[in-house]
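Trainee: Okay, handing you the structure first.
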Amino acid sequence: MDETSPFGRALLVTGPEALLAERAVSGFVSRAVSERPDAAVTRVEAPSLDAGSLAEAAGGSLFASATVLVVTDLAELPADLADQVVALAGDPGSDLALALVHSGGNKGKALLDRLRKLRLQVADHPSIKPWELPQFVAAEARRLGGRADAASAAVLVEAVGTDTRSLAAAVRQLLDDSADGLVTEAAVRRYFGGRAEVTSFAVADDTLSGRSDGALAKLRWALSTGVAPVLITSALSSNLRSLGRYLEGRDARLRDADLARAIGVPPWKLKDLSRLARDWSPAGIARAIQSVAVADAAVKGAASDPGFALEQVVLTVIGCRTRERR
């Protein structure tokens, strides 16, 4: 068997990063179709399969001697098909290129473990950690033939958010409009600056810094432009927990990169946390987190006016600081 050919072998794609998983599958399918243009490409969802439909999907058609089969949502495969899938992955046959996609998690782990023991080709795409997102942006720019330095990548993450699909689209847009193939801070702020000003994390930043006027103004603008209330409470909770972990870990004599990894933030955030830490105590953070939990329940249905609940929690969190700067 040709070790470079997709036919006669199976690819196991795992992990929750859907964009990267889709690219792995797309590359596999493209290689197979390039090798055998007459191949039939079939995509099926595991929950919809039974023994007969799986055998039919893997067996080709009257019009094509070769088959490229992609089985998605493997975690939901009916239990009675596990043996059949393992057998198929272990010996696809020379006319079948098989891709199996599992989004991670514990469901279907027994099947996943059995497939891994077959020593299949594996494309694993675990969740990208928050502090890794600027590196993802830089890598995405390189993939498209451009370049993004660390500062520009960090600004883009702050403006667009943590969704990798949105970040990838933003990088492509910036490079398409760049004459020299560079993602720059100026370009990021020009295209996404307005969006950055109303993100939930901008509201959280002003709140933890004690800037009540700025926090309330950004909150109202964010809500008026369609930012979901639950994103505001999520950002407040995330920032407070990061600050709490910073207070716990700052005396551990760790390198900045190690401390950032322990906290769960990109290294460039440590400077902001250090500044905020001067005005917060662990007790104050605990009280603030409790108030955000109450507000989170409110915006999810316990209160009739989510906007009022958010304004109140912003003021409450600011009041939890050790001292408020006017």
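The values are calculated or read from the model by the stated rules, or taken from the named source; none is laboratory data. Since this is a predicted model, take the numbers as computed values, not measurements. Neighbour counts are summed over all protein chains in view; Cβ atoms, including those assigned to glycine, are modelled from backbone coordinates with ideal geometry. Remember, those area values only see protein heavy atoms, side chains included, never the ligands or the DNA or RNA. Shrake-Rupley method; radii C 1.70, N 1.55, O 1.52, S 1.80 Å.
Trainee: Could you check the range 252-291 and list, in sequence order, the residues that are open to solvent by less than 20 Å² (accessible area, probe 1.4 Å), over 18 Å from A235 (Cα atoms) and either in a loop (DSSP other than H, G, I, E, B) or modelled with pLDDT of 90 or more (or both)?
Mentor: D279
Conditions tested, residue by residue: (1) open to solvent by less than 20 Å² (accessible area, probe 1.4 Å); (2) in contact (Cβ under 8 Å) with a residue 12 or more places away in the chain.
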residue	(1), (2)
S65	no, yes
D83	no, no
A87	no, no
A97	yes, yes
D124	no, yes
I128	no, yes
L133	yes, yes
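Trainee: Name the residues in the range 113-122 that are in a helix (DSSP H, G or I) and either surrounded by 15 or more Cβ atoms within 10 Å (Cβ to Cβ) or in contact (Cβ under 8 Å) with a residue 60 or more places away in the chain (or both), would you?
Mentor: Restricting attention to the range 113-122, the residues satisfying the condition of being in a helix (DSSP H, G or I) are 113-116.
Result: R114, L115, R116.
Trainee: Has the range 296-306 got any residue that is in contact (Cβ under 8 Å) with a residue 40 or more places away in the chain and more than 23 Å from the chain's Cα centre (by Cα)? Spell out how you get there, then give the answer.
Mentor: Keep residues of the range 296-306 that are in contact (Cβ under 8 Å) with a residue 40 or more places away in the chain, which gives 296, 299-300, 306.
Now restrict to residues that are more than 23 Å from the chain's Cα centre (by Cα): 299, 306.
Within the range 296-306 (the criterion being in contact (Cβ under 8 Å) with a residue 40 or more places away in the chain and more than 23 Å from the chain's Cα centre (by Cα)), the answer is yes, since at least one residue qualifies.
Trainee: Output the residues belonging to the range 67-81 that are touching a Leu at 6+ places or on another chain (Cβ under 9 Å) and open to solvent by 10 Å² or more (accessible area, probe 1.4 Å). Talk me through it step by step, then tell me what you get.
Mentor: First pass over the range 67-81, keeping only residues touching a Leu at 6+ places or on another chain (Cβ under 9 Å): 67-72, 74-75, 77-79, 81.
Result: T72, A75, L77, P78, A79.
Trainee: Still on this structure, I have one more. Given (1) closer than 30 Å to D180 by Cβ; (2) open to solvent by less than 70 Å² (accessible area, probe 1.4 Å); (3) touching a Pro at 6+ places or on another chain (Cβ under 8 Å); (4) not acidic (D, E), where does A150 come up short, assuming only one miss?
Mentor: (2)
Trainee: Working only within the range 153-175, note down all residues that are part of a helix (DSSP H, G or I) and open to solvent by 50 Å² or more (accessible area, probe 1.4 Å). Talk me through it step by step, then tell me what you get.
Mentor: Here is the first cut: in the range 153-175, the ones part of a helix (DSSP H, G or I) are 153-160, 164-175.
Residues satisfying the conditions are E158, R165, A169, R172, Q173.
Trainee: Further, regarding this structure: Taking the condition open to solvent by 20 Å² or more (accessible area, probe 1.4 Å), touching a helix residue (DSSP H, G or I) at 6+ places or on another chain (Cβ under 9 Å) and in a helix (DSSP H, G or I), does L247 pass?
Mentor: Details: open to solvent by 20 Å² or more (accessible area, probe 1.4 Å): yes; touching a helix residue (DSSP H, G or I) at 6+ places or on another chain (Cβ under 9 Å): yes; in a helix (DSSP H, G or I): yes.
Yes.
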